[in-house]
Each structure stands twice: as structure tokens, then as C-alpha cells.
Amino acid sequence: MNIISPSFRLDGEVAVVTGASRGIGAALAVGLAQAGADVALIARGDTAPVAAEIASAGRRSSQVTADLGESGNSEAILAQVAAELGRPSVLINNAGIIRRADFVDMTREDWREVLAVNLDSVFELSQAFVRGSLAAGGTSRIIHIASMLSFQGGIRVASYTAAKSALLGLTRAMANELASQGINVNAIAPGYIATDNTAALRADAGRNQAILERIPAGRWGDPSDLVGAAVFLASPAAAYVHGAVLPVDGGWLAR
Ligand code: NAP
């Protein structure tokens with residue numbers, strides 16, 4: 001048997017990471033840079049500290065200010081990336097928001113805003129990215145950041161659960177159509193990770209305790225816990241991985 005050791009390096013790749021100003025996206029952006037990629041940082045807020053860390057890793061970055069809650073800016077985002085770093089070959093759809101309310105009280109605004117950022121923008125940016133990739137030829141990779149609520153219902157987060165559950169369907173639908181065209185589409189499902197997104201849960205002593213007791217690993221995840229999975233799925237080592245969802249959850253789903 002002739003097995004060549006697969007490459008987990010990202011040298012020469014240009015990766016786009018949405019929601020790269022903080023939390024999981026910031027960690028993924030720095031992790032991809034440390035694996036060799038140049039990285040475009042998409043967010044509404046300040047990405048300069050993340051850009052500085054990427055520079056420390058010896059890689060280039062592009063800071064793109066964009067509101068992914070708005071429709072119609074995908075082509076402009078990718079054009080700026082291409083102008084500053086070259087054509088992107090990796091897209092990580094990470095940007096996401098959450099709104100907490102009892103289902104009976106959830107407003108249409110809380111529903112629409114979450115769907116717009118967590119799902120609509122993924123569709124639009126992925127479509128623009130895929131069009132560019134198909135036109136250029138070669139291989140490229142898309143990673144969606146899903147959730148435990150891609151599998152479970154959650155509590156008081158109906159719009160978020162709807163979006164994250166749909167994201168897994170989208171992952172599979174895209175993978176089926178794009179696998180034969182050199183584009184890998186996969187998802188990572190983070191468990192409970194200590195970021196702004198989960199600050200309200202950690203501030204609630206009862207919820208915090210209940211969550212911790214249910215996590216086999218016995219601790220909240222750190223954004224850096226997601227880096228290995230992202231580098232793998234972005235790398236040539238994942239060339240035959242299509243339509244998969246990789247939980248990084250301290251064992252939550254196994255429970
Ligand atoms: P976070 O710390 O709140 O960061 C969210 C990121 O998304 C920020 O960089 C934010 O940047 C960006 N973002 C939000 N709205 C945006 C918009 N309209 N346009 C552009 N960027 C926007 O959250 P996180 O925990 O790192 O979450 C990252 C992803 O992981 C999300 O998809 C989330 O659903 C998912 N996730 C998180 C957990 C968890 O336990 N933390 C678990 C499962 C899945 P700006 O505010 O600067 O725009």
C-alpha cells in the first residue's frame with residue numbers, strides 16, 4: 001500500500017473567516033494563519049488586534065468591514081479579498097448572533113435578524129464564493145460553523161435553532177452538488193464555548209452548573225479548541241470529506 005502522509009498545511013491558501021473580530025472566528029483566523037494561510041477578516045467591528053496576531057505568525061491579512069445582516073454585499077467582500085490577498089480558496093462561515101426569548105414572546109425582528117446573519121448570509125456569501133471558485137478551477141473548501149442546536153432544540157432560542165438546523169441541511173445540499181467540482185463543503189458543530197455568545201448562560205449560576213454537569217469533558221470549550229478541526233477541514237488532508245459535520249463539544253452529543 002502506498003500511503004503518502006496527508007498535508008495539514010495551508011501554505012499558499014487564502015482563507016475568508018466571517019465574524020473574525022472576536023470569539024471563535026478570531027481564534028480560527030489566527031489558527032489558519034499559523035497553519036500557513038493568509039486570512040481575510042470579515043466583521044462589523046474592529047479586527048485590527050486579530051490582524052496583528054496574524055502578522056506575528058508571519059502571514060498577511062485583509063480587514064473587511066461588512067454587515068452580514070444586510071443582503072447584497074458578498075461580491076464586494078470577495079472582490080476586496082481578491083484585490084488584497086488573491087482569490088480565496090477557503091471560506092469559513094462563522095459569523096453568528098443569538099436572541100434569547102420565550103417562543104411565545106419572540107419578536108419577528110428577533111426571528112429575522114438571526115436568520116439573516118446565521119443563514120441568509122451563509123447562502124449568499126457561499127454562492128458568490130462558489131461562483132468564483134468554479135470560474136477559476138482548482139480546489140476550494142467551505143466550512144460552516146453549526147451548533148449543538150443543529151441537532152437539539154435548545155431553550156428560548158427558536159430562531160437560532162431554526163437557523164443552525166437549516167445550516168446542516170445546507171451543508172449536505174451544497175456538498176452533494178459541489179463535491180464533484182473540487183469544492184468540499186463541511187460543518188463544525190461547536191459545543192458550549194466560552195465567548196460573548198454564551199455569556200448569559202455562564203452568568204446564570206443554575207444554567208452554568210447544569211451545562212457543566214452534562215459536558216463529559218467537564219469544562220466549557222475555549223475558542224482555540226475549534227482550531228484543529230478547522231485546519232483539518234480546510235487542508236488537503238480533508239480532500240475526500242464532503243457533507244460531514246464534526247462536533248467539537250467535549251462529548252456533549254455522545255451523552
Ligand atoms: P461571538 O463571540 O458573539 O462572535 C460573533 C462574531 O460574529 C463576531 O466576530 C461578530 O463581529 C460577528 N458578527 C455578528 N453579527 C455580524 C454581522 N451582522 N455582520 C458581520 N459580522 C457579524 O460568538 P461566537 O461564540 O464566537 O460565535 C461564532 C459562531 O459560532 C456563531 O455562528 C455561533 O452561532 C457559533 N457557535 C457558538 C457557540 C458557543 O458556545 N459560543 C456554540 C455553537 C456555535 P462584529 O460584532 O464585530 O460584527
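The values are calculated or read from the model by the stated rules, or taken from the named source; none is laboratory data. On a predicted model such as this, the values are computed, not experimentally measured, just so you know. Glycine also receives a Cβ, built like all others from the backbone with ideal geometry; neighbour counts cover every protein chain displayed. Accessible surface is based on the protein model in full, side chains and every heavy atom, while ligands, DNA and RNA are left aside. Shrake-Rupley method; radii C 1.70, N 1.55, O 1.52, S 1.80 Å.
Some points to look at:
- Single unsatisfied condition, Ala173 versus (1) in a helix (DSSP H, G or I); (2) within 16 Å of the ligand (Cβ to nearest atom): (2)
- Scanning the range 31-49 for residues that are assigned to a helix (DSSP H, G or I) and open to solvent by 10 Å² or more (accessible area, probe 1.4 Å) returns Gln34, Ala48, Pro49.
- The set of residues in the range 106-124 that are over 15 Å from Ile92 (Cα atoms) and either within 12 Å of the ligand (Cβ to nearest atom) or assigned to a helix (DSSP H, G or I) (or both) comprises Arg108, Glu109, Asp110, Trp111, Arg112, Glu113, Val114, Leu115, Ala116.
Conditions tested, residue by residue: (1) open to solvent by 10 Å² or more (accessible area, probe 1.4 Å); (2) among the small types (Gly, Ala, Ser); (3) touching a His at 6+ places or on another chain (Cβ under 8 Å); (4) more than 24 Å from Thr139 (Cα to Cα).
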{"position": "Ala29", "(1), (2), (3), (4)": "no, yes, no, no"}
{"position": "Glu53", "(1), (2), (3), (4)": "yes, no, no, yes"}
{"position": "Ala57", "(1), (2), (3), (4)": "yes, yes, no, yes"}
{"position": "Asp67", "(1), (2), (3), (4)": "yes, no, no, yes"}
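- Selection count where residues are more than 14 Å from the ligand (Cβ to nearest atom), out of contact with any Gly (no Cβ under 8 Å at 6 or more places or on another chain) and part of a loop (DSSP other than H, G, I, E, B), scope the range 60-99: 2
- Among the residues of the range 18-35, those that are of a type in the set (Val, Ile, Thr) and within 9 Å of the ligand (Cβ to nearest atom) comprise Thr18, Ile24.
- Residues satisfying the stated conditions in the range 129-167, i.e. in a helix (DSSP H, G or I) and either farther than 19 Å from Leu115 by Cβ or over 15 Å from the mean Cα position of the chain (by Cα) (or both): Phe129, Val130, Arg131, Gly132, Ser133, Leu134, Ala135, Ala136, Ala158, Ser159, Thr161, Ala162
- Qualifying residue in the range 36-44 (condition: of a type outside the set (Ser, Thr, Tyr), within 14 Å of the ligand (Cβ to nearest atom) and more than 17 Å from the chain's Cα centre (by Cα)): no
- Among (1) in contact with a Pro (Cβ under 7 Å, 6 or more places away or on another chain); (2) closer than 21 Å to Arg87 by Cβ - the single one Thr195 does not satisfy: (2)
- Picking from residues in the range 80-122 that are open to solvent by 60 Å² or more (accessible area, probe 1.4 Å) and of a type in the set (A, V, I, L, M), the one that is farthest from Glu13 (Cα to Cα) is Val104.
- Pairs where the first residue, in the range 197-218, is of a type in the set (D, E, K, R) and the second is open to solvent by less than 50 Å² (accessible area, probe 1.4 Å), C-beta under 8 Å, 6+ apart: Arg202/Ala194; Arg202/Asn208; Arg202/Trp220; Arg207/Leu201; Arg214/Trp252
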